[in-house]
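Okay, structure first, notes after.
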Amino acid sequence: MVRAAPPLTRRTGLGDRAAAVRQGLSAYGLLVWMWVRATLAYRTSFLLMAFGNFAASGLDFVAILLMFSRIHALGGFSLPEVAFLYGTCSLALGLSDLLVGNLSRLGARIRDGTLDTLLLRPAPVFVQIAADRFALRRLGRTFQALLVLGWALGRIDVDWTVGRVLMVPLMAVCGTAIFGAVYTAGAAFQFWAQDAAELQNSLTYGGNALLQYPPTVFARDLVRGVTFIVPLAFVNWLPALWLLGRPDPLGLPGWVAFLGPAVAALMCAGAGLAWRRGVRAYRSTGS
């Protein structure tokens, strides 16, 4: 049996931790570059798959356009405002899916025993799984989200102050981190469940489908759930309500919209702890 071994040295100083982070990022970059080069060796295939990813993700926005061909507002939100919600959450999911989306394959590696091979390599297991078969075609979703977001930004009725301008990239960064934490926590759960990829997808892709629409069209209990239990509302709902000058359906104060970085940091820290505990609890399949 192969068991995840503890670190050979105890890292106590901030310098050692920073060095470990740099080493992990360097390994991630090398692995990603290897898969990117392999992908670009077949450029026609890559372009076709990227376009397919672009078109498939765009069908969600086509559904919104068809809806607005019959109505003028949805939950009090106009088409550009809904497009803004769509663009921000889709961009965040697209970036996190590109960077760490392959973590959902962990369960398959545990079942077939190939995770043991990764544990023997001189690189963090998390980095190896996240960068494994890096799918550059997923840029299609990201590019499509950027197009919709750019269209929405030019049409929403907002008094663009410096704070509101900075809020848009902050939403993208925090949203990417939040979705990335969900990917990581879901992967960590697979150390025990071994077949929980669909549960993970329900929170990532399902959460993205939820956040594309205004919170005013959903029941308050559901809005409370994605605000206080799995805080996906900080991806775009809460900051977007502040940016658009809309009241929060739960009656939360306006300063809650600025808690995105703190929520993202807490979720990433919790997901990291769950991942470390999962690796330490891992037992080989014995095959």
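Just so it is clear, none of the values below were taken in a lab; they were calculated from the coordinates. It should be emphasised that the depicted structure is a prediction, and the values quoted were computed from it without experimental measurement. Neighbour counts run over all protein chains shown; Cβ positions are idealised from the backbone, glycine included.
Miscellaneous remarks
- Here the extension length gained between Asp159 and Thr114 equals 10.8 nm, from 0.36 nm per residue of separation less the Cα-Cα distance.
- In the distance distribution for segment 111-172, Cα-Cα pairs more than 19 Å apart total 57 percent.
- Pairwise FRET efficiency - Phe218 versus Ala55, Cβ, R0 = 41 Å, nearest 0.05: 0.90
- Label zone of Leu170 (point 7 Å out along Cα→Cβ, amide N under 18 Å): in segment 79-99 this covers 85, 88-89, 92.
- Extension gain for Phe228 to Leu48 (0.36 nm times residue separation, less C-alpha to C-alpha distance): 60.7 nm.
- Other residues with beta-carbon under 11 Å from the beta-carbon of Gly245 carry, at +1 per Lys or Arg and -1 per Asp or Glu, a net charge of -1.
- Taking Cβ atoms as reference points and 14 Å as the exclusive limit, the residues near Trp33 contribute a net charge of +1, counting Lys and Arg as +1 and Asp and Glu as -1.
- Distance between the 7 Å Cα→Cβ label points at Tyr205 and Trp35: 1.7 nm.
- Ile71/Ser284 FRET efficiency (R0 41 Å; Cβ-Cβ; nearest 0.05): 0.15
- Each other residue within a Cβ distance under 14 Å of Phe234 adds +1 if Lys or Arg and -1 if Asp or Glu, for a net charge of 0.
- Counting only DSSP H runs of at least 4 residues, each contributing -39500 (n - 2.57), and dividing by the residue count of the chain, the helix-based mean residue ellipticity at 222 nm comes to -22000 deg cm²/dmol.
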